[in-house]
């Protein structure tokens, strides 16, 4: 069983972060195996994940839904096979070689200064709240990282072109899967392609980012926002990226499906 197949959404699998819907499923461990997870307080660290507890409602060949679960499990595998904490592995194999001197994997709520205050409506009442000092560690391997504009400008090309990877691995990442309502080439392994722009977006309560590279024009786009409040069902970072590319690269417009 390869990691690629392990993190594809197979039949008879369990999605941990949103049981009951969606198609990006992480295969549950063998009976008796323990997985340490704490996804937004919904799972207890060290708790068993029951095999096939929720039957997948769709075929992996026909539908798609993004899930953080696979990245959490991948982080656990990295720690196991790399024999070091994930933060150390990322520094040694990613941020160090790419010279991302202002990028870190926080252990808690540490936030280097200066920084922008973030705002979200992901609260019990739906009211806007300041999330600046919220602990992002629940996201862990799925994206609990801190960076700045300078580092992300450099990282955009590295992550899109696979600078740190072998050609064979990069080729696997670029096998994009068609995504419903995705007006572009779809989603690969840890990156997506929309009209030639390759990279990924990111979101934690109060903050959003878009980090993309357009090989055809050797162009880089980085957007950092201090809110994640949806507008007409769309992520604000998506709206910004769409507006910017509509002007500067009209033949390559960033467009991804709305969230709600």
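The values are calculated or read from the model by the stated rules, or taken from the named source; none is laboratory data. None of the values given here were measured: they were computed from a predicted structure. Neighbour counts run over all protein chains shown; Cβ positions are idealised from the backbone, glycine included.
Tabulated values for the structure
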item	result
Every residue from the stretch 103-120 that is closer than 17 Å to residue 135 by Cβ and touching a strand residue (DSSP E or B) at 6+ places or on another chain (Cβ under 9 Å)	104, 105, 106, 110, 111, 112, 115, 117, 118, 119, 120
Among residues of the stretch 177-208, those that are at pLDDT below 90, surrounded by 20 or more Cβ atoms within 10 Å (Cβ to Cβ) and not in a loop (DSSP other than H, G, I, E, B), counted	1
Conditions (1) modelled with pLDDT of 95 or more; (2) at negative phi; number of the one not met by residue 218	(2)
Conditions (1) touching a helix residue (DSSP H, G or I) at 6+ places or on another chain (Cβ under 7 Å); (2) free of Cβ contacts under 8 Å to residues at least 60 places away in the same chain: number failed by residue 221	(2)
Yes/no for residue 250 being assigned to a loop (DSSP other than H, G, I, E, B), surrounded by fewer than 18 Cβ atoms within 10 Å (Cβ to Cβ) and modelled with pLDDT of 95 or more	yes
When residues of the stretch 216-243 are limited to those that are farther than 28 Å from residue 134 by Cβ and surrounded by 15 or more Cβ atoms within 10 Å (Cβ to Cβ), the one nearest to the chain's Cα centre (by Cα)	220
Selection count, the stretch 162-174, where residues are under 17 Å from the mean Cα position of the chain (by Cα) and assigned to a loop (DSSP other than H, G, I, E, B)	2
Test: residue in the stretch 121-134 that is in contact (Cβ under 8 Å) with a residue 12 or more places away in the chain, out of contact with any strand residue (DSSP E or B) (no Cβ under 7 Å at 6 or more places or on another chain) and at positive phi	no
Candidates 119, 213, filtered to the one that is over 19 Å from the mean Cα position of the chain (by Cα) and either at pLDDT 95 or above or surrounded by fewer than 20 Cβ atoms within 10 Å (Cβ to Cβ) (or both)	119
Top-ranked residue of the stretch 105-151 - restricted to ones that are in contact with a helix residue (DSSP H, G or I) (Cβ under 9 Å, 6 or more places away or on another chain) and not in a loop (DSSP other than H, G, I, E, B), ranked as nearest to residue 79 (Cα to Cα)	141
Contacts under 6 angstrom Cβ, first residue in the stretch 184-209 being more than 15 Å from residue 153 (Cβ to Cβ), partner modelled with pLDDT under 90 and assigned to a strand (DSSP E or B), 6 or more apart	186/177; 187/177
Qualifying residue in the stretch 107-115 (condition: touching a residue at least 24 places away in the same chain (Cβ under 8 Å), within 19 Å of the chain's Cα centre (by Cα) and either on the phi > 0 side of the Ramachandran plot or surrounded by 12 or more Cβ atoms within 10 Å (Cβ to Cβ) (or both))	no
